[in-house]
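**Q** Structure provided below as structure tokens; questions to follow.
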């Protein structure tokens, strides 16, 4: 029987890049082209035959600003490569929601306001799918790779329906709110991320 793993894609990629950049394994996000996500999850969960569902937003080129257009074109190109890589590993790549542009906080020193990207709608689709799977008893045991507390209502609903949820979190950033509700907790370390990156990028 397969074990369903629900991943908040942007949340996970952000964590991957943060770790790999700080450890000087890569220089920026676009250097992240391959990652052994199947082997990584099998090791963390100590399970095989995983059904991995990766949720992410629909990227598009933004033409309202030259700088944003250049950056978004770069991100769209990177995303196409990343999606192809994950799909080649048997990961179900689910596009949902949209990528919005908003102003960041004003810099206290220079007064400038930068534009930043923000996901909208991904957590709603992820939460909905978890609840539906639990209610329809398609999966009584699932794993959630996300520390987004907006998913708490879905987690509670799933467990109230008789489901069991394993929360997968970075060992240095565990959500107490999610821990209080889930059936079990599995954490991963910097070393596990680096090892899975190197395994996929062997020449």
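**Q** Within 16 Å of residue 146 (Cα to Cα) and surrounded by 15 or more Cβ atoms within 10 Å (Cβ to Cβ): is that true of residue 45 in this structure?
**A** Numbers: within 16 Å of residue 146 (Cα to Cα): yes; surrounded by 15 or more Cβ atoms within 10 Å (Cβ to Cβ): yes.
Here the answer is yes, as residue 45 does meet what is asked.
**Q** Among what's in segment 145-165 and is surrounded by 14 or more Cβ atoms within 10 Å (Cβ to Cβ) and out of contact with any helix residue (DSSP H, G or I) (no Cβ under 7 Å at 6 or more places or on another chain), pick the residue that is modelled with the highest pLDDT.
**A** Ranking the candidates gives 156 first.
**Q** Give the residues of segment 24-38 that are over 16 Å from residue 93 (Cβ atoms) and assigned to a helix (DSSP H, G or I), sorted by residue number.
**A** Those that are over 16 Å from residue 93 (Cβ atoms) and assigned to a helix (DSSP H, G or I): 29, 30, 31.
Residues checked against (1) in a helix (DSSP H, G or I); (2) touching a strand residue (DSSP E or B) at 6+ places or on another chain (Cβ under 7 Å):
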residue: 152; (1), (2): yes, no
residue: 159; (1), (2): yes, yes
residue: 168; (1), (2): no, yes
residue: 191; (1), (2): yes, no
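**Q** Considering every residue within segment 7-23, establish whether at least one is surrounded by fewer than 20 Cβ atoms within 10 Å (Cβ to Cβ) and part of a loop (DSSP other than H, G, I, E, B).
**A** For segment 7-23, residues surrounded by fewer than 20 Cβ atoms within 10 Å (Cβ to Cβ) and part of a loop (DSSP other than H, G, I, E, B): present.
**Q** If a residue must be in contact (Cβ under 8 Å) with a residue 40 or more places away in the chain and assigned to a loop (DSSP other than H, G, I, E, B), how many such residues does segment 47-60 contain? Please lay out each step first, then the result.
**A** Initially, segment 47-60 is screened for residues in contact (Cβ under 8 Å) with a residue 40 or more places away in the chain, giving 47, 49-59.
Filter again for assigned to a loop (DSSP other than H, G, I, E, B), leaving 47, 49, 59.
The number of residues fulfilling the criteria is 3.
The values are calculated or read from the model by the stated rules, or taken from the named source; none is laboratory data. Source: prediction; values computed, not measured. Every residue, glycine among them, receives a Cβ derived from its backbone with ideal geometry; neighbour counts consider all protein chains shown.
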